[in-house]
Amino acid sequence: MDPWLVWLIVAAVLAVAEIFTLTAALGMLSVAAVVTAGGAAIGLPVPFQFLVYAVVATITVLFVRPIALRHVLRPQVARFGIDALIGKAAYVTSEVTATGGRIRIDGEEWTARPYDETLVIATGATVDVIQISGTTAFVYPRD
């Protein structure tokens, strides 16, 4: 079997393993195997193939992987949808009890329940949205 084909098989195996681990390290090693396959295809001797693999793998793992991880692990800049409502203040339009209630969040009416089921929150109170489940907001009164 030709050495370039062996390197491509190694690259494919590493790429599949990367899909399951999502560490970016195996992906970088897969890239190094592809580059080495190119070197093997142009006739590079086997010892130099290993040298190319070692150099490219080292460079990608030490320099490219941290950049890739920084982009992947970047925190979400803006919350949207119902996630954006969590933590906001709301106005109680109808008394909130364990069995029912209504609040207004950013101009929209929502059904509400107290986060602590023993609480009764009076109409006109200001509450914080703690959680949203379906169309019901779970709220806690502000002090």
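Couple of notes before you dig in:
- Net charge dipole, segment 90-130: roughly 100 debye, given to the nearest 20, about the Cα centre with Cβ charges of +1 for Lys and Arg and -1 for Asp and Glu.
- Dmax and Rg, reported as Rg then Dmax, of segment 74-143 (C-alpha, Å): 11.9, 41
- Rounded to the nearest 10 degrees, the inclination of helix 46-59 to the longest alpha-carbon principal axis of the chain is 20 degrees.
- Accessible area expressed per residue, segment 19-143, with surrounding protein chains retained (probe 1.4 Å, Å²): 63 Å²
- Segment 114-143 versus segment 67-100: alpha-carbon centroid distance in Å: 14 Å
- Folded to 0 to 90 degrees: helix 3-21 orientation relative to the chain principal axis, Cα: 10 degrees
- Highest average first, the peptides 31-39, 65-73 ordered by how many other beta carbon atoms sit within 10 Å of their residues are 31-39, 65-73.
- Relative contact order, whole percent, for the chain stands at 15, derived from Cα pairs under 8 Å and 6 or more residues apart.
- Its Cα centre serving as origin, segment 63-136 has a Cβ charge dipole (Lys and Arg +1, Asp and Glu -1) of approximately 560 debye.
- q = 0.19, 0.21 Å⁻¹: log10 I(q)/I(0) that the Debye formula gives for the chain, counting C-alpha atoms only: -0.97, -1.09
- Structure-based [θ]222 nm, the chain - -39500 (n - 2.57) summed over DSSP H runs of at least 4, per residue, nearest 500: -13000 deg cm²/dmol
- When the solvent-accessible area of the chain is split by element, carbon and sulfur atoms take up 67 percent of it, the probe being 1.4 Å.
- Calculated on the alpha-carbon coordinates, the convex hull of segment 1-40 measures out at 36 cubic angstrom per residue.
The values are calculated or read from the model by the stated rules, or taken from the named source; none is laboratory data. Note that the structure is a prediction, hence the values are computed from the model and not measured. Neighbour counts run over all protein chains shown; Cβ positions are idealised from the backbone, glycine included. Remember, those area values only see protein heavy atoms, side chains included, never the ligands or the DNA or RNA. Shrake-Rupley method; radii C 1.70, N 1.55, O 1.52, S 1.80 Å.
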